[in-house]
Every structure is written in structure tokens, then in C-alpha cells.
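Undergrad: Shown below is the structure under consideration.
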Amino acid sequence: MDKRIKIGSRYVGEEERTFIVAEVSANHLQDYSRAEAIIRAAKEAGADAVKLQTYTPDTITLDCDNDYFQITQGTIWDGTTLHKLYEEAYTPWEWQPKLMELANGLGMECFSSPFDATAVDFMQEMDMPAYKVASFEINDIPLIRKIARTGKPVIFATGIAYLEDIERALKVCKEEGNEQVILLKCTSTYPSPYEDMNLKVIPNMAEVFGCLTGLSDHSMGCAVAVASVALGAKMVEKHLTLSREDGGPDGAFSMEPAEFRRMTEQIRIVEKALGRVTYELTEKQKRSREDGRSLFVVKDIREGELFTEENVRSIRPAFGMHTMYYEEILGKRAREDIGRGTPLEWKYIL
């Protein structure tokens, strides 16, 4: 597989900068102007893309109050039904073309997570550059097959996936001739405890599945996201809100703009620090070698006198002979008088 995938005008790849995605999710609080403000904040915070969610309450679940549709899994949403939650959380479809236009105008990409076939068709009409399959849809094989047939990049969150779920999803994509796949390590608890993140899965997924990998992060703060980049994450996705105090279904585990900016800055620093595999020295490091160790005369030596542990030592700086010759020159005689503080050289040795 080509380890470089194009999303809109940008590339995600092993040699590319980390692709940073701001997830709008439900943080618009059903206010269009707030959705626009979040997208503008994403740009200011350094995001490469914003992500939406494309569903309605009726395309994702049923308006039903029986026990099956009650939320009782110990989440921040317990006490309501799926339909009522999604009534509050969904992003009106008529907003999405305008939000995409805004994001593109600001120099960012915009894509979404479709939750049924009609959402895929809607995204196709907008010519969205990629499709994100949410963790809880990784078992929806008909949906994945339809997405794969678009020929656009497919991004999988793996939060509730067993190994065989990932294998099956990738198999479907391959059957449809689409190998533009990115796998995101994800922990589907909100917020995610740090001890459950298991970031070491990221390089393992890359090795096992031969895919680009990244992180869909629901933990608090930026430490986990920054660490993921050091482990090979090429895409990082975090929820963005204007203020957690404003509430909303996803507000409690979302980043505020200043936090998102700090995360972006830290990721860019880590990218620079990771560099490449090299044992060469920079010009500054070469100059710094002058402060290393070498052999110096540390006590005046007369012609014919023996070199001993008392008059020759390994010290800083590095203008004398290499220290590896220390034992070899002990017991030899001086060719001439040598003053204290002289870098030792072969020309002084008989």
C-alpha cells in the first residue's frame, strides 16, 4: 500500500506532518453561528481539518423508550434514550455544505462521519474528501462497503473493535478496491482514563495491518495526543468546543481553543524533535566536540622524562590526543620539554 493518502489538498503519510483534526460533534449546541465559531477557532488553533457527523436521530436509531434504547452503560449520557441524545447532538444537514465551504475558505479540509447510506450519498453530493467510520459503526458492513465504493479515503476509529472487526472492515475495503485506509486507535469511554489508552497499539496496528495509523482521543489534556505522535500517529483527532462550561453532550471531554492550540504547538515540536535516524553530527555538535575529553600534559615535563599518571591526564577540552592512547603512552619518554597545559601530541613522544 502507498503510505501516503490524499485528503483534499493535503496528504497524510509517514513523511508528512501529523494531520490534526478538530471534531465539531455536538458542540455547536444547535446554534449555527456557534458551529461557525468553532470552525474559526479550529483554524486559529492550528487544525488541518474539521470533522462533522452526518446523521439524524431517525437515521441512527429508533424513537423508542423500551429498555433496549435506554442509555445505561455507565456513560455521561446515562438516564436518557438514544433518540433523545441524538436529537440534541446531531448536526443539521442543511448546515453542512455551508460549514464545509467555510472550512475550505479558511484553508482547512472538512469531512464527516456518515451513519447510514443516505448520509454517504449526502456527503458524495458535497464531494467531501474522506469518510470517517465511527467506532460504533465498525461492524456495519453494508455501510463500510458503500463508503469503500466511493473510492475516497476511509478512516476507521477502532474504539470498540476486536482484532477480527478490524480485519473484516479492511477486507471489505480491499474487496471494493479501496486500500486508502487509516486506522485510529481509540478508547470509547468519555472521557477516556489515561491507563486505558494503550498507545503502544498504534505502531503495532501499523505493522500488523500495513496501514497509516493515528489517534482519536477522548482523554483530557494534550499529553496523550502528543505522545501518540512520538509512537507514529499520523493523524490526531480531538473534540473542540468554545468552552466546556457551555455544556452539551460532548462538552465535558472536549478541548477549548487555547488547549487545542497548545496541543498543536506541542505536536509540531515533537515532530521536529523526532527527526530521522542518523548518527551524523550537526555543525553545532561538531563544534561542541571541542569541549570533549583528550590527553593533556598537566605537570611540566622535562626532555627524557617518563609520561606518568601524574603528568598526563584525560581532561576537557578535546585539543589533545584521543584518550584511547592513554595506556599506550604511559612509560614512554618525552622528546622535549613540555609545559603544563599543553595538548599531548605524538610529536612530543619518543
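The values are calculated or read from the model by the stated rules, or taken from the named source; none is laboratory data. Quick caveat: nothing in here was measured; it's all calculated off a predicted structure. Positions of Cβ are backbone-derived with ideal geometry, glycine not excepted, and every protein chain shown enters the neighbour counts. Areas reflect the complete protein model, heavy atoms only, side chains present, ligands, DNA and RNA absent. Shrake-Rupley method; radii C 1.70, N 1.55, O 1.52, S 1.80 Å.
Undergrad: I need the Kirkwood Rh of the chain: take the reciprocal of the average 1/r across all distinct C-alpha pairs and report it in angstrom.
TA: Computed over the chain, the radius equals 23.5 Å.
Undergrad: Moving on to the next point. For the stretch 160-318, restrict the atom set to alpha-carbon positions and state the Rg and Dmax in Å.
TA: Using the Cα atoms of the stretch 160-318, the pair Rg, Dmax is 26.4, 88 Å.
Undergrad: Could you work out the relative contact order of the stretch 1-147, using alpha carbon pairs under 8 angstrom and six or more residues apart, expressed as a whole percent?
TA: 24 percent
Undergrad: Right, next: Report, ordered by chain and residue number, the lysines lying within cross-link reach of Lys347, taken as a straight Cα distance under 28 Å and ignoring same-chain residues fewer than 8 apart.
TA: The reachable lysines, counting only those whose Cα sits under 28 Å from Lys347, are Lys286, Lys299, Lys332.
Undergrad: Which percent of the accessible area of the chain is formed by carbon and sulfur heavy atoms (probe 1.4 angstrom)?
TA: Here carbon and sulfur together make up 48 percent of the probe-accessible area.
Undergrad: Residue by residue, what Karplus-based ³J(HN,Hα) values in Hz, rounded to whole numbers, does the stretch 277-290 have, using 6.51, -1.76 and 1.60 with θ = phi - 60° and x for Gly and Pro?
TA: 7, 7, 10, 6, 9, 6, 4, 5, 5, 4, 5, 5, 4, 5
Undergrad: In what order, largest first, do Arg10, Arg313, Arg149 sit by accessible area if the probe radius is 1.4 Å?
TA: Output order, biggest surface exposure first: Arg149, Arg313, Arg10.
Undergrad: On to the next question. Whats the longest run of the chain with zero chymotrypsin sites (Phe, Trp or Tyr not before Pro) that are DSSP loop and have at most 12 other Cβ atoms within 10 Å?
TA: 1-161
Undergrad: Give the long-range amide H neighbours of Ile349: residues separated by 5 or more places, or on another chain, with amide H under 5 Å away, using H modelled in the peptide plane at 1.01 Å from N.
TA: Arg335
Undergrad: Tell me which residues come under 5 Å, amide H to amide H, from Tyr55 once H is placed; ignore anything under 5 positions away on its chain.
TA: Excluding prolines and chain starts, which carry no amide H, the hits are Thr91.
Undergrad: Choose one of Ser288, Ile349, Ile329: the residue whose Cα lies farthest towards the positive end of the charge dipole of the stretch 234-350 (beta-carbon charges +1 Lys, Arg; -1 Asp, Glu; about the Cα centre).
TA: Of Ser288, Ile349, Ile329, it is Ile349.
Undergrad: In deg cm²/dmol and to the nearest 500, what is the mean residue ellipticity at 222 nm of the chain if only DSSP H runs of at least 4 residues count, each as -39500 (n - 2.57), divided by the residue total?
TA: -9000 deg cm²/dmol, from helical runs alone.
Undergrad: I've got another one for you. Using a 1.4 Å probe, what is the accessible area per residue for the chain, in Å²?
TA: Using a 1.4 Å probe on heavy atoms only, each residue of the chain averages 50 Å².
Undergrad: How far, in nm, would the chain grow between Glu88 and Glu14 when pulled straight, counting 0.36 nm per residue and subtracting the alpha carbon separation?
TA: The Glu88-Glu14 span can extend by a further 22.8 nm.
Undergrad: Here is a follow-up. For Lys185, what residues show an amide H to amide H distance below 5 Å, using hydrogens built from the backbone and excluding near sequence neighbours?
TA: Amide H neighbours of Lys185, under 5 Å, 5+ apart: Gly214, Leu215, Ser216.
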